[in-house]
Amino acid sequence: MTAPPAAPSPPDDTRLIAPVWHTAVVLVILIGVAGLSAWKGAMSPVGEIGARVRLANYATVFVWEWLTVAFIAWGVRRHGYTLSRLIGGSWPEVSGFLRDVGIAILFLLGSAVILGTIQFALHSRANQAIRNLLPQTPVEMAAWILLAATAGFCEETIFRGYLQKQLGRMTHSVQAGLVLQAIVFGMCHGYQGWRPMVTITVFGILFGLLAMRMKSLRPGMLAHFIQDSVSGLALRWALKKLGGA
């Protein structure tokens, strides 16, 4: 007597990429840190950023983002995934990297129109928490660039690579995954105030759409790095010129 055929495994694009409990832990970490940061009025739970603790805040964000990515890498391996598979794409030649840089720049230019319109409608301005986190010394500016690179890699991996896929598959809706990850992304910037949080949530949706369209996080990682590094340094320069920082 022959054994009955094994039940077919679910399609790869619907199978969860990590255990449900793992996703719950990631969300608790993200929302918990976001709540503490909003309560402290700073980028990290260390507290309000001043000259003495600005680098400590940078270091705190750097460490917890990389630890979160490491935890995600461990979790997805339990379901047969890898971090490189979450990121997608490749740069076998310099031309591939340059292509993604071009895509990142075009994405930022298009996003600037949408986000600028939202900021104008909401009368959104940089609050004191944003002003406080901006680098002031050459050492802080170097640390800021490193932090921007960390945010580009880690945040795209966390939100667009992990949460967008996992929440989309948990809800059986690609659109729900897209929106939910963006909401959590916005919440993680709650220390900036509710108006910037709205703008950042929309930015999270745009980053998610880019990842879906390109089937890779690489252009988004580059765009995220360019956005954070250039806008932070440019805003610092502008506020200094206006005597506001």
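The values are calculated or read from the model by the stated rules, or taken from the named source; none is laboratory data. None of these values were measured; they are calculated from a predicted model. We place every Cβ from the backbone using ideal geometry, glycine too, and count neighbours over all the protein chains shown.
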**Prompt:** Are any residues in region 159-188 in contact (Cβ under 8 Å) with a residue 24 or more places away in the chain, of a type in the set (S, T, N, Q) and more than 15 Å from His22 (Cβ to Cβ), and if so, which ones?
**Reply:** Gln164, Gln181
**Item:** Single unsatisfied condition, Leu109 versus (1) surrounded by 12 or more Cβ atoms within 10 Å (Cβ to Cβ); (2) closer than 23 Å to Leu206 by Cβ
**Value:** (1)
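Within the bounds of region 116-133, is there any residue that is of a type in the set (Val, Ile, Thr) and part of a loop (DSSP other than H, G, I, E, B)?
Step one: list which residues in region 116-133 are of a type in the set (Val, Ile, Thr), which gives 117-118, 130.
From what is left, the residues that are part of a loop (DSSP other than H, G, I, E, B) are none.
Taking every residue of region 116-133 in turn, none turns out to be of a type in the set (Val, Ile, Thr) and part of a loop (DSSP other than H, G, I, E, B).
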**Prompt:** Considering only residues of region 112-145 that are closer than 17 Å to Ala238 by Cβ and of a type in the set (S, T, N, Q), which is surrounded by the fewest Cβ atoms within 10 Å (Cβ to Cβ)?
**Reply:** Gln128
**Item:** Pick from region 190-236, criterion closer than 23 Å to His123 by Cα and without any contact (Cβ under 8 Å) to a residue 12 or more places away in the chain, ranking: nearest to the chain's Cα centre (by Cα)
**Value:** Met197
**Asked** Does at least one position in region 152-170 carry a residue that is touching a Gly at 6+ places or on another chain (Cβ under 6 Å) and modelled with pLDDT under 95?
**Response** no
**Message:** I'm checking my understanding of the structure. Among residues of region 128-151 that are of a type in the set (Val, Ile, Thr) and modelled with pLDDT of 90 or more, which one is nearest to Val33 (Cα to Cα)?
**Reply:** Thr150
**Request:** Could you look through region 1-34, keep only residues that are of a type in the set (D, E, K, R) and either exposed (fewer than 10 other Cβ atoms within 10 Å of the Cβ) or not in a loop (DSSP other than H, G, I, E, B) (or both), and pick out the one that is modelled with the highest pLDDT?
**Result:** Asp13
**Prompt:** Any chance region 64-82 includes a residue that's more than 16 Å from the chain's Cα centre (by Cα) and polar (S, T, N, Q)?
**Reply:** yes
**Request:** Please give the number of the condition Ser37 fails out of (1) modelled with pLDDT under 90; (2) under 30 Å from Arg169 (Cβ atoms); (3) surrounded by fewer than 19 Cβ atoms within 10 Å (Cβ to Cβ); (4) not aromatic (Phe, Trp, Tyr).
**Result:** (3)
**Message:** Against the condition surrounded by fewer than 21 Cβ atoms within 10 Å (Cβ to Cβ), at negative phi, among the hydrophobic types (A, V, I, L, M, F, W, C) and modelled with pLDDT of 95 or more, how does Met212 come out, does it pass?
**Reply:** yes
**Message:** Condition first: in a loop (DSSP other than H, G, I, E, B) and at pLDDT below 90. Now tell me which residues in region 47-88 satisfy that.
**Reply:** Gly47, Glu48, Ile49, Gly50, Ala51, Arg52, Val53
